[in-house]
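Worksheet for the structure shown next.
The values are calculated or read from the model by the stated rules, or taken from the named source; none is laboratory data. Owing to the predicted nature of the structure, the values given are computational and were not obtained by experimental measurement. Note that we place each Cβ from the backbone using ideal geometry, even for glycine, and neighbour counts take in every protein chain shown.
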Amino acid sequence: MIGRRESVSGAHFAFTDRWGGVSAAPYEELNLGGAVGDDPGAVRTNRELTAKSLGVDPARVVWMNQVHGADAVVVDEPWGDRPVPEVDAIVTARRGLALAVLTADCVPVLLADPVAKVAAAAHAGRPGLVAGVVPAAVRAMTGLGADPARIVVRTGPAVCGRCYEVPGTMRAEVAAVEPAAHAETSWGTPAVDVAAGVHAQLERLGVRDREQSPVCTLESADHFSYRRDRTTGRLAGYVWLD
């Protein structure tokens, strides 16, 4: 269920795999995405199971309506009955409020300043990398008192640069914005390495404490991959502060 979990000075980071839930094929088992065609009841159960396994109140998890943009919003409480906004980064200074990001090849980015007690979650696909969603999240964090030199970042399972094949023109467009994302597939065609691009952006922002998951979602049968399966579930990354 929880493929990876880590705590750093009261900041908690967790990434799921696809197992331990109740969803049926093709979403088996732990689909946490509510907009991919799965049974809503199964998704609710999966979200409750995951939150409880993390020791988090399921009602205190904040989700996003992700649109591959660069908007970041500060949150103090769950949305409740309010519409979930179309954003790709959420930031909070509220302890005990868990921020969640859904992915199935894109890079889930979890950030926290354990000293300032500020956390953020961002969804960085190729469009979000180019648009600057991760720098936007860091700016929102610094607006709440975070210091890039103290920010801890963990990026989760995502399609790797050896597998993310794109047309040559698209690679050139991405590399013009972020040269570190220029990649080549293992079979010698143009590719984009979104995770490498994200980490390069963070490095320029002064964020030094960073770790990247070694898991490629397209290569791993334990993780959902949209590029591999098209109709599939979604993984989640969670970050929260004591």
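Can you tell which of Gly10, Gly34 is in contact (Cβ under 8 Å) with a residue 12 or more places away in the chain and touching an Asp or Glu at 6+ places or on another chain (Cβ under 6 Å)?
On the way: Gly34 fails: touching an Asp or Glu at 6+ places or on another chain (Cβ under 6 Å).
Being in contact (Cβ under 8 Å) with a residue 12 or more places away in the chain and touching an Asp or Glu at 6+ places or on another chain (Cβ under 6 Å) holds for just one of Gly10, Gly34, which is Gly10.
What are the residues in the range 180-198 that are crowded, with 22+ Cβ neighbours inside 10 Å and assigned to a helix (DSSP H, G or I), if any? Lay out the reasoning, then the answer.
Let us first name the residues in the range 180-198 that are crowded, with 22+ Cβ neighbours inside 10 Å, namely 181, 183, 191-195, 197-198.
Across the range 180-198, the qualifying residues are Ala181, Val194, Ala195, Gly197, Val198.
Just one of (1) at negative phi; (2) over 17 Å from the mean Cα position of the chain (by Cα) fails for Thr155. It is (2). The set of residues in the range 201-242 that are farther than 18 Å from Pro135 by Cα, basic (Lys, Arg) and in contact with a strand residue (DSSP E or B) (Cβ under 8 Å, 6 or more places away or on another chain) contains only Arg234.
For every residue, the table says whether it meets (1) touching a residue at least 24 places away in the same chain (Cβ under 8 Å); (2) on the phi > 0 side of the Ramachandran plot; (3) under 17 Å from the mean Cα position of the chain (by Cα).
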| site | (1), (2), (3) |
| --- | --- |
| Val67 | no, no, yes |
| Arg82 | no, no, no |
| Leu102 | yes, no, yes |
| Val107 | yes, no, yes |
| Lys117 | yes, yes, no |
| Val134 | yes, no, yes |
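Okay, residues lined up against (1) within 22 Å of Thr16 (Cβ to Cβ); (2) in contact with a Phe, Trp or Tyr (Cβ under 8 Å, 6 or more places away or on another chain):
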position: Thr92; (1), (2): yes, no
position: Pro108; (1), (2): yes, yes
position: Lys117; (1), (2): no, no
position: Pro135; (1), (2): no, no
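Within the range 199-234, the residues that satisfy the criterion of being outside any helix (DSSP H, G or I), touching a Ser or Thr at 6+ places or on another chain (Cβ under 8 Å) and farther than 10 Å from Ala158 by Cα are Arg210, Glu211, Thr232, Gly233, Arg234. Looking across the range 36-65, the residues that are in a loop (DSSP other than H, G, I, E, B) and over 20 Å from Ala112 (Cβ atoms) come down to Val36, Gly37, Asp38, Asp39. For the range 78-88, the criterion of being of a type outside the set (A, V, I, L, M), out of contact with any Phe, Trp or Tyr (no Cβ under 9 Å at 6 or more places or on another chain) and surrounded by 14 or more Cβ atoms within 10 Å (Cβ to Cβ) is met by at least one residue. Any residue in the range 15-33 that is part of a strand (DSSP E or B) and surrounded by fewer than 15 Cβ atoms within 10 Å (Cβ to Cβ)? No, there is no match, as no residue in the range 15-33 is part of a strand (DSSP E or B) and surrounded by fewer than 15 Cβ atoms within 10 Å (Cβ to Cβ). Selection of the range 136-146 for residues being free of Cβ contacts under 8 Å to residues at least 40 places away in the same chain and outside any helix (DSSP H, G or I) yields only Ala146. Val177 passes all but one of (1) in contact with a Lys or Arg (Cβ under 7 Å, 6 or more places away or on another chain); (2) in contact (Cβ under 8 Å) with a residue 40 or more places away in the chain; (3) surrounded by fewer than 24 Cβ atoms within 10 Å (Cβ to Cβ); which number fails? The number of the failed condition is (1).
As a summary of the residue check, Gly80 satisfies the conditions (1) outside any loop (DSSP other than H, G, I, E, B); (2) among the small types (Gly, Ala, Ser); (3) modelled with pLDDT under 95 except for the one numbered (1). Can you name the residue in the range 147-179 that is assigned to a helix (DSSP H, G or I) and in contact with a strand residue (DSSP E or B) (Cβ under 9 Å, 6 or more places away or on another chain) and, of all such residues, is nearest to Val74 (Cα to Cα)? Applying the filter and picking the extreme gives Val174.
Checking each residue in the range 22-46 for being touching a strand residue (DSSP E or B) at 6+ places or on another chain (Cβ under 7 Å) and more than 10 Å from Thr232 (Cβ to Cβ) picks out Leu30, Leu32.
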